[in-house]
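S.K.: Before we start, here is the structure in question, set down as structure tokens.
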Amino acid sequence: MKKQLSIIFLSIFSLNLLITAPVRAEVVISDIKPGALQEGSVQISWMTNEDTTGYILFGKAENDMSFRVGDANFSRSHSSDLTGLKKDQEYYYKIFATNKNGEKSESFVNYIDTKNMPDTRAPLIANLKKLQSTDTAFAISFSTDEPVKITLKYGDKKDSLTKTWNNGTYKEEHAIIITGLKASTHYYFEISAKDKDNNLAVSTGDLTTASQGSDAIKMSKLTPESDNQAPVMAENAIITWESNLLATADIYYGLAPKTLNKNMKVSTTSSLVHRAILGKLEQNTTYYYQIKMKSELNKKDFTSSIYSFKTAAMDEGYLSFYFKSGDLVKYKSTTYFIYNDTKIALNSDEKIKTISSATPKTLEEKYFTAFKDGSAYYGVFHDGQLVKEEKVSAVYLIDGNYKRPIAKWEILKYLNYSARDIVVAKSGQLKNYKLGTIINHSQEITSSSLNNKLVKSPSGPAVYLIASGKKLPFFNQQAFFKYNYKFSDVKKISDQELQNIPEGQLIF
């Protein structure tokens, strides 16, 4: 009866708690309104259902809202100004609120654009550079902080700029070449930059043309011209050079001097320094190329000799840019484990799952053939492991894709195995292995007294497990400790002795 009364009392007490406990209200952000666009700013207002502080994060991308505005005053009515805005830009913002109990809430992402924002500020002309002058031409460059159209007036008298150059495209980066000038003459120029709202900025300058011109475009500092000038890549090539005159440049290339069937524009605007990045090349292949340039300064063309370069082979260093040790990759229907410059086929889904649940990277054929083949895995066990099934007395030695039965216990003793080395397989783990021939004598496996021993050389840090006449490297320390090995059990053997043992399956 006491027990029943206790249960009734507990039930009433719990019910009372449910009835009397106050309902916890969440902070709600509502009525979000952007105000009228002002020059460089807009006011955002919003409401909360209780007194909170509030702030806004905003920026030009949903994943890059790095600017913050707001205040620490508690209120239900809020507003903040987004400042520093530019015309014709997209902006994203999110509102955050915190009540007096520290409970927080945030709005969904909101969006505004400043296409119709008023603009009365004149553009800024900056980084004015006098690039080059010849006897009949000069070139200048500059930038503006917003897209503008450019008008340039020039002449040989400061107060009489009688000639005009126009560009009707709105841009922020500007390069101007003026031709038809006189040699050894001092010229003055005036830059007028007008934005889309007709705000105007003006900048002036002057320069003197050269006394003599250059009749020809010349090329210098071509790199690379030999195999030790610059790092060579397997699928790309970077070719750089300089010209004595501002020029545009194209490069033509191919697999034979008379078959330069590919081309790319290198310098679309006039430049003194040129850099070509050729991509999608074949590894370990010789390519031929020719450079063509044209200068607006003197209306001259240039065609270079035919040069060559050779791409590198896909070695371990290059492959590591795309794949690192420990990656799972897939080629056709097979998944592989990457270990330095080696690919190890994994023929067991269970083994793959023990490594990573991530989707393997796709391995293209050109990378597949560049990796060396390592000893494949056909199940979860590595070569040299002793395995038995639960409630079955037969013990097997894993040997590639075979499980080989051990005829008698004395064989294991001679191979330096003990009972603690035997792994009990889970259901189905041995199904991937074919039944191999019975091992009747230890010498059918190896004559080495180092079998099932941990070894290393005195001169290197790598530790190996000797199994079935091979040295099995460990992928990392985690792999070493995974099998309950101890560094105190590692035996040092000579470099020569270790070198004479062929390398076997990777343990990971």
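The values are calculated or read from the model by the stated rules, or taken from the named source; none is laboratory data. Not measured: the values here are computed from a predicted model. Cβ placement follows ideal geometry from the backbone for every residue including glycine, while neighbour counts extend to all protein chains displayed. Note: areas computed on protein heavy atoms with side chains; ligands, DNA, RNA excluded. Shrake-Rupley method; radii C 1.70, N 1.55, O 1.52, S 1.80 Å.
S.K.: Within the stretch 145-155, how many residues turn out to be open to solvent by 10 Å² or more (accessible area, probe 1.4 Å) and without any contact (Cβ under 8 Å) to a residue 60 or more places away in the chain?
M.R.: The number of residues fulfilling the criteria is 6.
S.K.: Continuing with this model, one more query. Just name the residue that is surrounded by the fewest Cβ atoms within 10 Å (Cβ to Cβ) out of those in the stretch 43-59 that are within 13 Å of Val109 (Cβ to Cβ) and of a type outside the set (A, V, I, L, M).
M.R.: Gly59
S.K.: In the stretch 454-485, what residues are open to solvent by 50 Å² or more (accessible area, probe 1.4 Å) and farther than 22 Å from Tyr377 by Cα?
M.R.: The answer is Pro458, Ser459, Pro461.
S.K.: Here's a check for you: in the stretch 355-366, which residue that is closer than 19 Å to Ala234 by Cβ and outside any helix (DSSP H, G or I) is most open to solvent (accessible area, probe 1.4 Å)?
M.R.: Here the answer is Thr362.
S.K.: Here are Ala72, Ala97: which of them is farther than 23 Å from Asp145 by Cα, touching a residue at least 60 places away in the same chain (Cβ under 8 Å) and not in a loop (DSSP other than H, G, I, E, B)?
M.R.: Answer to the selection: Ala97.
S.K.: Name, by its number, the condition in (1) of a type outside the set (Ser, Thr, Tyr); (2) open to solvent by 40 Å² or more (accessible area, probe 1.4 Å); (3) in contact with a Lys or Arg (Cβ under 6 Å, 6 or more places away or on another chain) that does not hold for Asp119.
M.R.: (2)
S.K.: Would you confirm whether any residue within the stretch 13-20 is modelled with pLDDT of 95 or more and either among the aromatic types (Phe, Trp, Tyr) or part of a strand (DSSP E or B) (or both)? Please lay out each step first, then the result.
M.R.: Initial filter on the stretch 13-20 (modelled with pLDDT of 95 or more): none.
There is no residue in the stretch 13-20 that is modelled with pLDDT of 95 or more and either among the aromatic types (Phe, Trp, Tyr) or part of a strand (DSSP E or B) (or both).
S.K.: Would you say Ser267 is of a type outside the set (D, E, K, R), closer than 30 Å to His186 by Cβ and at pLDDT below 95?
M.R.: Yes.
S.K.: Please give the number of the condition Leu82 fails out of (1) on the phi < 0 side of the Ramachandran plot; (2) in a loop (DSSP other than H, G, I, E, B).
M.R.: (2)
S.K.: Identify, from the list Leu435, Leu397, the residue that is of a type outside the set (S, T, N, Q), over 43 Å from the mean Cα position of the chain (by Cα), within 30 Å of Thr334 (Cα to Cα) and open to solvent by 60 Å² or more (accessible area, probe 1.4 Å). Spell out the reasoning first.
M.R.: On the way: Leu397 fails: open to solvent by 60 Å² or more (accessible area, probe 1.4 Å).
Checking each option against the conditions leaves just Leu435.
S.K.: Give the stretch 60-86 a look and list any residue that's of a type outside the set (A, V, I, L, M, F, W, C), open to solvent by less than 50 Å² (accessible area, probe 1.4 Å) and more than 16 Å from Ser105 (Cα to Cα), or say none.
M.R.: If the condition is that a residue be of a type outside the set (A, V, I, L, M, F, W, C), open to solvent by less than 50 Å² (accessible area, probe 1.4 Å) and more than 16 Å from Ser105 (Cα to Cα), then Ser80 is the only one that fits.
S.K.: Please enumerate the residues belonging to the stretch 439-453 that are surrounded by fewer than 11 Cβ atoms within 10 Å (Cβ to Cβ) and either closer than 28 Å to Glu350 by Cβ or free of Cβ contacts under 8 Å to residues at least 24 places away in the same chain (or both).
M.R.: Within the stretch 439-453, just Ser447 meets the criteria.
S.K.: What about Phe138, is it closer than 27 Å to Ser214 by Cβ and open to solvent by less than 40 Å² (accessible area, probe 1.4 Å)?
M.R.: Spelling it out, Phe138 is indeed closer than 27 Å to Ser214 by Cβ and open to solvent by less than 40 Å² (accessible area, probe 1.4 Å).
S.K.: Can you tell me which residue is modelled with the lowest pLDDT among those in the stretch 93-102 that are out of contact with any Gly (no Cβ under 6 Å at 6 or more places or on another chain) and open to solvent by less than 80 Å² (accessible area, probe 1.4 Å)?
M.R.: Looking at residues that are out of contact with any Gly (no Cβ under 6 Å at 6 or more places or on another chain) and open to solvent by less than 80 Å² (accessible area, probe 1.4 Å), I get Gly102.
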